[in-house]
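Written out below as structure tokens is the structure these notes cover.
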Amino acid sequence: MQAVCDGIHEALGFESVSIDLPEPESGRLAPRACYGWDVNDPTINSSMSLDELAPLLAPEFEIEGCFLLTSEEALSRVDRTHTGYHSRLVGRGPHAWNDHWLLVPLYDRSGGVIGLIWTDDPVDRMLPSPARLQALRVFANQATTALDSAAQFEEMRFLADHDPLTRLFNRRSFNDRLEIEAARAARYQ
């Protein structure tokens, strides 16, 4: 995940990038990797849920699979407790970045939102072009692929020692533990 944040910074020129995923217990979004922000920074730890995020992902704000909102539009759609951050790099003029919210959802295989990439502070202080947003979407797709691969790896690791139906330890796990206990019994009589 950190490589994706670093790549967005390097390739696309955003000084602040965060990848947020839901906490398993609460379902609230929390930063998992950041560039330009500290993971524990309270300004990016808004603890917004995916349901609270949905109004920001309205079709009228979608450009190339990313969602770009003015600060006013975004603030009118979320609870005020989730605000407090302001862009450091703002420009002037009709095409300038001015506290905009740029969100890139991470989708699972069925099209459900499983996380989010937040970007802020473009170095050029301009609103991103469609080509830049397409590239940002590519990075989001890479992050989703990495998450999916990690989940599959963990499942395969689990299934190496567990029965897929009952989720109980399997014969391989039993033999490993038996060998360990037999060695311990022999060692300590």
Say whether the condition of being open to solvent by 90 Å² or more (accessible area, probe 1.4 Å) and either among the aliphatic types (A, V, I, L, M) or in contact with a Ser or Thr (Cβ under 7 Å, 6 or more places away or on another chain) (or both) is met by at least one residue in the stretch 160-174. yes
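Going residue by residue through the stretch 146-165, is there one that turns out to be acidic (Asp, Glu), in contact with a helix residue (DSSP H, G or I) (Cβ under 6 Å, 6 or more places away or on another chain) and over 30 Å from PHE67 (Cβ atoms)?
Of the residues in the stretch 146-165, the ones acidic (Asp, Glu) are 148, 154-155, 161, 163.
Then drop every residue that is not in contact with a helix residue (DSSP H, G or I) (Cβ under 6 Å, 6 or more places away or on another chain), which leaves 161.
After this cut, where a residue has to be over 30 Å from PHE67 (Cβ atoms) as well, the list is 161.
Yes, there is a match, as at least one residue in the stretch 146-165 is acidic (Asp, Glu), in contact with a helix residue (DSSP H, G or I) (Cβ under 6 Å, 6 or more places away or on another chain) and over 30 Å from PHE67 (Cβ atoms).
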Filtered residues of the stretch 1-22 (kept if free of Cβ contacts under 8 Å to residues at least 12 places away in the same chain and more than 15 Å from PHE139 (Cα to Cα)): none
I'd like to verify a number: residues in the stretch 103-138 that are aromatic (Phe, Trp, Tyr) and surrounded by fewer than 21 Cβ atoms within 10 Å (Cβ to Cβ), how many? 1
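Each row is one residue, and each column tells you yes or no for (1) among the small types (Gly, Ala, Ser); (2) modelled with pLDDT under 85.
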| site | (1), (2) |
| --- | --- |
| LEU116 | no, no |
| ARG125 | no, yes |
| THR145 | no, yes |
| ALA182 | yes, no |
| ARG187 | no, no |
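The values are calculated or read from the model by the stated rules, or taken from the named source; none is laboratory data. These numbers come from a predicted model, not from an experiment. Cβ coordinates were reconstructed from backbone atoms using ideal geometry, including for glycine residues, and neighbour counts include every protein chain displayed. With ligands, DNA and RNA removed, areas are computed over all heavy atoms of the protein, side chains included. Shrake-Rupley method; radii C 1.70, N 1.55, O 1.52, S 1.80 Å.
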